[in-house]
Amino acid sequence: MALGWRESYYRYRGFFLNIAALYKQKADLRAFLEIVLSITTVIVFLLFALKPTALTIINLLQQINEKKQTLVGLTQKVNDLQTVNGILDQDQNLIPSIDAAVPNVPNPDILSEQAEGLASKDAVEILGISVNQVTLLGANSTKKITGVTPLPQGAYEMPFSLSIEGPYTNLIAFVNDFENLGLASRIDSLTISSSVTDKGRVIVAVISGRIPFLGSQ
């Protein structure tokens, strides 16, 4: 065991001594070793010096990609706004009609005027027009009606009821025209009843619905 250890020791010692002798004797080997050591030293220092720079570059590239994505989103928004502005310029004449269709405040008088105009056109008689409680001036305090579908975008509503009398075909024509009024409305129910009186058969239609308004001051 001891002899084996000594043989290995002598063999490796001779190997290193031979390398040292060659290093001292041959200039080209010394130059090669010095070059290898110099390159190794330079590589080690470069790794330590370039690592923070490399991390900074990677971080900057990530930020650039994020900025590019943000820029794409903003460009799309700008294009959409330009499209909307173009449509608005083309349809400028429609704005008064839109404002009249959905006013800022409830206008029961406009409802009454338009209903009377339709009654004259379709040859029916208005028996009555009623409007539920609604705030005409000041902050809006109108309560939402339960049991019906809410109006889009949370718009305020003016509930109304309209009773008309006339021939059946005329009543249907009135209802169709009423749905196409310039003043927007939602009909929640339509009831048609028929009865016989001293005047003969009488057909009455009751339209119940809501008129939307924005509620802005």
Give the stretch 161-210 a look and list any residue that's in contact (Cβ under 8 Å) with a residue 40 or more places away in the chain and more than 17 Å from L118 (Cα to Cα), or say none. D188, R210
Looking only at the stretch 128-149, count how many residues are at pLDDT 80 or above and either aliphatic (A, V, I, L, M) or under 16 Å from G182 (Cβ atoms) (or both). 2
State all residues of the stretch 183-217 that are surrounded by fewer than 13 Cβ atoms within 10 Å (Cβ to Cβ) and either at positive phi or under 29 Å from the mean Cα position of the chain (by Cα) (or both); if no residue qualifies, say none. G200, S216, Q217
Residue count, the stretch 165-197, condition part of a loop (DSSP other than H, G, I, E, B) and at pLDDT below 85, comes to 6
Residue count, the stretch 87-110, condition at pLDDT 80 or above and exposed (fewer than 15 other Cβ atoms within 10 Å of the Cβ), comes to 1
For the stretch 111-127, indicate whether the set of residues that are modelled with pLDDT under 90 and of a type in the set (K, R) is non-empty. no
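The values are calculated or read from the model by the stated rules, or taken from the named source; none is laboratory data. Not measured: the values here are computed from a predicted model. Backbone-built Cβ (ideal geometry, glycine too); neighbour counts: all protein chains shown.
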